[in-house]
Amino acid sequence: MSKVYFASSRTKKWSYDDSMPGKLERLLKEIGMMNYFSPDEWVAVKTHFGSEGAHRIVRPVFLRKVVDALKRIGARPFVTDTVRIKGLDYLEVANQNGINHLSVGSPVVLADGLYGNDNLMVKAGEILGEIAIASVIYDVPAMVVCSHVKGHINSGYAGAIKNLAMGGVSGYHRTYGWKCGRGSMHTIGEGELVWDAEKCELCYQCRDVCPLDAIQFKDDELVWEDNVCWRCGRCERVCQSESLTLPGDSERFIRSLAEAARAVISTFEPNKIIYINFMAEIQPECDCMPAADVPVIQDIGILISEDIVSIEQASIDMLLGSLPLPGSLANDRDIKDGEDIIMKLHNKPYILQIEEAERLGLGLRKYELIEIK
Ligand code: SF4
Ligand code: SF4
């Protein structure tokens, strides 16, 4: 059984110690940074920079607290994420969302280079075979994984496993293309994007959201550039009329997240990664979407653990024990108190990612919750 330290979002005293940044500092002391990281060691602080329009990410103030805690023990932190849109644009998104050297107190770097193709092939497992891990994450000896807990249209739940699986893997490999990148989780077979002209409302959102300009419209006909597309699935996700289909298999996708996470973790020595799950602004969708809806659950708090399976299980247990918020998508879907809000929002077998991660030996679902007051 692994320990999961927790601090609630509720603030009952008007003191810094009772604030969320103050509680994060106390959580970092509780777990003991010296137990994992050494003086002069380079440490990646892995987060998700978000999207232009999706602002509900892990806030820079929290990244700053992690960076400061690492600096206090003499380690050399930097904040990082893999390229999702064109690299220079993605750094600008990070900056717009408040993540820059000045705000977080350390360099902010792209983990797989400006072109998102700086990566190394690593054995993953029976679903994915080999997968392209971002070179910075492959090379760095230690990491703090800062994940924003939320829903996700394809995986139902998104936390630390998804942050590592999608966020530690590149979209593209120089030799093997999308087939050894994130797209190998999103789609199956040749990943042929199918367009249904009858259903299409010509809103052009798919074209506008594509990070690679792989979709154009000519005479009201969609033209898709197969050899340019990374199979990121953004076009399919934003299409409100279900005119676009990227072939997929939900169960395979969710299980493959655990496999990809294991591949990322396999590039570290034991005891060199800790996980922080931020359960705040819990919106129904991924932070890579072009907008963020209002939260479906009230802020819960921050969890920290050395065990990725325990922290994910504890986060899910807390989500399931929370009330759906009025005025949110949970309300639109008529989700009642006590119902499985994650399943009701996206109808995906989300728990498979945790079960698979445990089966692959990444950690234990049984945990001891230690709350700091
Ligand atoms: S899956 Fe869609 S959005 Fe993603 S790269 Fe391909 S065409 Fe563009
Ligand atoms: S997002 Fe969907 S409806 Fe809009 S143009 Fe693209 S395929 Fe058509």
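Values in this text are rule-based calculations from the coordinates and carry no lab data. Since the structure is predicted, the reported quantities are computational estimates derived from the model, not experimental observations. FYI the Cβ positions are ideal-geometry reconstructions off the backbone, even for glycines, and counts take in every protein chain you see.
Below, the figures for the structure above:
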quantity	calculated
Cα-based Rg and Dmax for the chain, where Dmax is the largest Cα-Cα distance (Å)	19.8, 62
Positive-end residue, region 227-297 charge dipole about Cα centroid, Cβ charges, pick of 256, 288, 267	267
The chain - mean residue ellipticity at 222 nm from DSSP helices (-39,500 (n - 2.57) per run, n ≥ 4, rounded to 500)	-8000 deg cm²/dmol
Estimated inter-spin distance, residue 202 and residue 100, nm [label 7 Å along Cα→Cβ]	4.1
Note, ³J(HN,Hα) from phi for region 276-282, Karplus 6.51, -1.76, 1.60, rounded to Hz, x at Gly and Pro	10, 9, 9, 9, 9, 6, 7
DSSP bridge pairs, region 17-176: antiparallel proportion in percent, nearest 5	50
Point-charge dipole on Cβ atoms (K/R +1, D/E -1) for region 179-289, about Cα centre, debye to 20	700
Length added when fully stretched, residue 3-residue 212, from 0.36 nm per residue minus Cα-Cα	71.0 nm
Nearest-20 debye value, region 7-122 charge dipole, Cβ charges on Lys, Arg, Asp, Glu	600
Residues whose placed amide H lies under 5 Å from that of residue 111, excluding near-sequence neighbours	81, 82, 83
Residue list for region 1-17, given a label point 7 angstrom along the Cα-to-Cβ vector of residue 317 and an amide N cut-off under 12 Å	1-6
In Hz, Karplus ³J(HN,Hα) per residue of region 250-265 (6.51, -1.76, 1.60; θ = phi - 60°; x = Gly, Pro)	4, 5, 4, 4, 5, 5, 5, 4, 5, 5, 5, 4, 4, 4, 5, 4
FRET efficiency, residue 242 to residue 52 (Cβ-Cβ, R0 22 Å, nearest 0.05)	0.35
For residue 370, residues with placed amide H under 5 Å, excluding near neighbours	4, 5, 6
Residue order, fewest to most beta carbons within 10 Å, for 245, 47	245, 47
Test item: Cα-centred dipole of the chain, Lys/Arg +1 and Asp/Glu -1 on Cβ, debye	1420
Full-stretch length increase - residue 368, residue 19 - with 0.36 nm per residue and alpha-carbon distance subtracted	123.3 nm
